[in-house]
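First the structure, in the form of structure tokens, and then the observations on it.
Nothing in this text is a laboratory measurement; each read-out follows from the coordinates by a stated rule. Keep in mind it's a predicted model, so treat the numbers as computed, not measured. Cβ placement follows ideal geometry from the backbone for every residue including glycine, while neighbour counts extend to all protein chains displayed.
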Amino acid sequence: MTPVCPFVKAARPDDAQLARKHGAEHETQGGKDSGDTATISPKCPFGYDSQSFKLGPLSCMICQALLFESSKCLPCSHVYCKACISRFKDCPLCGADIEKIEADTNLQSVVDRFIEGHARIKRSHVDTNNEEVVSDNKKVIYEDVSMERGAFLVQQAMRALRAQNIESAKSRLSICAEDIRDQLESKGNMPELCSQLGAVLGMLGDCCRAVGDAAGAIKYFEESVEFLTKLPTDGLEITQTLSVSLNKIGDLKYYDGDLQAARSYYFRSLGVRRDAVKSCSDVPSQILDVAVSLAKVADVDRSLGNENVAVNGFQEAINMLGSLTLKSEEASLEQRRLSVLEFLKNQLTDKQSEPAP
Ligand SMILES: [Zn+2]
Ligand SMILES: [Zn+2]
């Protein structure tokens with residue numbers, strides 16, 4: 001699964017707001033004062049902005065994310081994340097033989113302070129009559145700070161994930177989840193925050209799964225489900241994240257041999273997807289998702305020895321996909337439809353050719 005930044009959506013209204021603001025400025029030039037509170041959005045001095053990231057002095061060349069467990073190669077002194085450099089014998093920057101790797105705690109503390117402080121300079125409402133307000137914590141309103149920082153942290157985590165630096169990603173995502181939890185505590189269960197937390201927790205679950213920590217993964221996926229079920233399931237993305245989290249728990253239970261539990265999670269996921277189709281029936285990707293869920297449930301039913309139920313499930317999915325017509329521009333979806341359909345048909349023919357037990 002390609003991780004999608006749960007903050008992508010949050011960034012858009014912000015951009016729109018900015019654009020609107022600029023537009024409004026032109027329109028009302030010389031006109032009445034809009035009365036807007038002064039909002040500063042300074043650029044990060046290191047270039048670590050969520051929109052325009054460039055490699056800075058605090059980054060690791062290998063994973064292209066902020067350093068995690070900074071480690072210095074000796075004798076050349078080039079610095080990388082511990083997990084990243086441990087896969088190399090020669091320094092990727094200068095080619096020198098690595099004789100020893102030692103922790104660079106000083107640099108790491110700079111990185112950690114940077115993360116702690118990042119985005120806190122953004123979006124602070126400043127009383128322009130009093131310059132000192134900025135340095136006085138109590139008078140600055142950190143509006144949406146955790147979202148800004150959240151987008152940044154998720155971006156860093158996704159980079160680390162791509163480079164297989166799982167611990168780095170987990171660390172960034174954990175901070176992000178904490179930020180959102182703080183916000184939820186102060187603002188109540190806002191749908192957008194719940195949805196973001198659900199997504200971030202899902203990513204944390206993926207990290208655990210990647211390092212073989214099934215119990216940790218289930219814990220995060222469960223929590224993700226808990227937050228996502230607080231939301232109305234009419235949004236495509238929420239339905240998607242929720243049903244995928246449920247399926248992932250189902251998979252982990254399945255591999256663990258707990259078929260009953262696996263079935264119940266797959267079944268819940270199927271329910272979420274069915275409801276979504278009911279509320280907006282003409283989204284082909286959602287119909288495909290229902291078919292996939294039907295197949296998952298049917299597969300467990302077969303393993304549990306409920307052959308008739310399984311066959312019905314596979315058949316329902318086949319009928320569903322058979323009557324699904326896609327537009328010519330949905331080529332990749334059509335490809336997926338055909339491959340799922342083929343899988344489903346194989347499930348029925350394979351079984352029929354087998355002798356009855
Ligand atoms: Zn790295
Ligand atoms: Zn080097």
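Sorted from fewest to most neighbouring beta carbons within 10 Å, what does the list C280, C73, C194, C60 look like? Don't jump to the answer; show the numbers that get you there.
On the way: C280 11, C73 24, C194 20, C60 27.
The most exposed by this proxy come first: C280, C194, C73, C60.
Which order do the peptides 196-207, 75-86, 323-334, 252-263 come out in when sorted by mean C-beta neighbours inside 10 angstrom, highest first?
The packing order, highest mean first, is 196-207, 75-86, 252-263, 323-334.
Could you compute the FRET efficiency for K89 and Q64, with r as their C-beta to C-beta distance and R0 at 25 Å, rounded to 0.05?
It comes out at approximately 0.75.
Taking 0.36 nm per residue of sequence separation and subtracting the Cα-Cα distance, how much length would be gained by fully extending the chain between N312 and L236, in nm to one decimal?
Working: separation 76, 0.36 × 76 = 27.36 nm, distance 2.71 nm.
Difference between extended and current length: 24.6 nm.
Please tell me which of these pairs span more than 24 angstrom C-alpha to C-alpha: K219/K296; K72/K170; K278/K327; K187/K248; K296/K345?
K187/K248
For K187 and R162 in the same chain, what is the full-extension length gain: residue separation times 0.36 nm, less their Cα-Cα distance, in nm? Intermediate results must be reported in sequence, preceding the final value.
Working: separation 25, 0.36 × 25 = 9.00 nm, distance 3.32 nm.
That pair, K187 and R162, stretches by 5.7 nm at full extension.
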